[in-house]
1. For the stretch 150-160, check the following and say yes or no: at least one residue is more than 19 Å from Met36 (Cβ to Cβ), of a type outside the set (Val, Ile, Thr) and touching a residue at least 40 places away in the same chain (Cβ under 8 Å).
2. Kindly indicate whether any position in the stretch 108-125 is within 20 Å of Glu29 (Cβ to Cβ), free of Cβ contacts under 8 Å to residues at least 12 places away in the same chain and of a type in the set (Val, Ile, Thr).
Amino acid sequence: MAPKKKKDTSTNSLIADNRKARHNYEFLETLEAGLMLTGTEVKSLRNGQANIAESYATEENGEIWLINSYIPEYLEGNRNNHNPRRHRKLLLNKKEMSKLMIGVAREGMTIVPNRLYFNDRGIAKLQIALAKGRQAHDKRQVAKKRDWDREKARLMREKG
């Protein structure tokens, strides 16, 4: 009899990516945070359905909360299914929380969720960034630099 295969936990599998945030914000520092989730939320995430594009993190009562993230209801769930847009607590240590709170309070920065994924152990993690908003002219400069770098790489490949 052959041994049973372990269930594939999809190591470092990306669930949701906030591409718009990379355009609108300049990331100064990134952190990995855990999420306090219910069972049906985890099952829904395993289906690969989530949206963090319009979400943000804020401080309430000394804790960091993820606001406006969307994890759809689990279809096979019962009447105790979760609310898709509920506030979710981020699991960070005190040093990381104080760093984020100081950045937001003193320096006027924003806590932006960047990526939602499962780590090597199959635990849902959220990559958050302490970010500074970009002005329209900054966005244009970044786009010009990115286009020039792409063109430069293409020319280098052609010329050898």
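1. Scanning the stretch 150-160 turns up no residue that is more than 19 Å from Met36 (Cβ to Cβ), of a type outside the set (Val, Ile, Thr) and touching a residue at least 40 places away in the same chain (Cβ under 8 Å).
2. No, that holds for no residue.
Rule-based calculations on the coordinates, nothing more; no lab input. Source: prediction; values computed, not measured. Using ideal geometry, Cβ is built from the backbone for each residue, glycine included, and neighbour counts are taken over all protein chains shown.
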